[in-house]
Amino acid sequence: MRIEGSGEGSGQGAVEGSIEEYEALPSGLAEQVAALEAQAWPGSSPGHDPALAPRAVLLLDAGGRVAASLALLHKPVRLADGRTYRAAGLSGVVTRADVRGRGYGGRLVAAARALLAADPGVDLALFSCDRELVPFYEAAGFEVLPGTVLVGGTPADPLATDAPGLDKTVLGAFPTGAADGEGRADRVRAAFTGIRVPLYPGTIDRLW
């Protein structure tokens, strides 16, 4: 599904290309995404856990090549208060090396945030990034969750964002529901701030 056309909604200085969302990538695009991910994270395996309902969001340049890509992953998260929240996260955010610094990644991440905000099946967006990338995600509308730690992996083999050797910051976004307005967003934000979140996405996307 096409999300944005060439430069649409991006204002002055917009990068050329279109943003499209896929449940299943066509083989040619899948090969390009796998190549980008292999360059960014050598030794990693392409693809995501089907149990996380992955959706690919791509920015295709004017020539139809993948300029930037990411995946949206989904999982219900049950907190200690007994409530279950429908979380979605960004994973595998990468821009093609020869077009970095031109705004492709920022435009793609902002479009992904808008997609999640418009999805009635998502209560919040939640993910972590390296500390130096925080300003990049904040510019796209995500916010830092002070004191929040994501616990990934599995209960038997966890991987937390505050594990030794990791320098991760947790970010989120909180859609406003039509039924109860800003109050809903504030309640979900409060529930996920300053806690250890039992994300447990599994062994494939350990910290999505």
Checklist entry - Full extension from PHE136 to THR193: what is 0.36 nm times the residue separation minus their Cα-Cα distance, to one decimal in nm? => result 18.5 nm
Checklist entry - On average, how much accessible surface per residue is there in segment 76-139, in Å², for a 1.4 Å probe, leaving out ligands, DNA and RNA? => result 47 Å²
Checklist outcome for this item: Regression test value, accessible area per residue of segment 20-63, probe 1.4 Å, units Å², expected 54 Å²
Checklist entry - At a 1.4 Å probe radius, carbon and sulfur cover how many percent of the accessible area of segment 88-204? => result 55 percent
Checklist entry - Taking Cα atoms, how many degrees apart are the long axis of helix 27-40 and the longest axis of the chain, rounded to 10 and kept between 0 and 90? => result 70 degrees
Item to check | Solution diffusion estimate, µm²/s, Stokes-Einstein, the chain, Kirkwood Rh from C-alpha pairs, 20 °C, viscosity 1.002 mPa s | outcome: 122 µm²/s
Checklist outcome for this item: So the angle from the long Cα axis of helix 104-117 to the longest Cα principal axis of the chain, reported in degrees to the nearest 10, equals 50 degrees
Item to check | Net dipole in debye of the chain [+1 Lys, Arg Cβ; -1 Asp, Glu Cβ; about Cα centre; nearest 20] | outcome: 280 debye
Checklist entry - Using a basic spin-label model with each label point 7 Å from the Cα along Cα→Cβ, how many nm lie between GLU143 and THR84? => result 2.7 nm
Next on the checklist: Cut-off 17 Å, label point 7 angstrom out along Cα-to-Cβ of SER45: give me the residues of segment 92-116 whose amide nitrogen falls inside.
Outcome noted: 92
Checklist outcome for this item: Most fluctuating of PRO42, PRO76, PRO158 in the GNM of the chain (C-alpha, under 10 Å) is PRO42
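The values are calculated or read from the model by the stated rules, or taken from the named source; none is laboratory data. Worth saying up front: this structure is predicted, and the values here are computed from it rather than measured. Please note: Cβ atoms are built from the backbone with ideal geometry, for glycine as well, and neighbour counts cover all protein chains shown. Heavy atoms of the whole protein, side chains included, go into the accessibility calculation; ligands, DNA and RNA do not. Shrake-Rupley method; radii C 1.70, N 1.55, O 1.52, S 1.80 Å.
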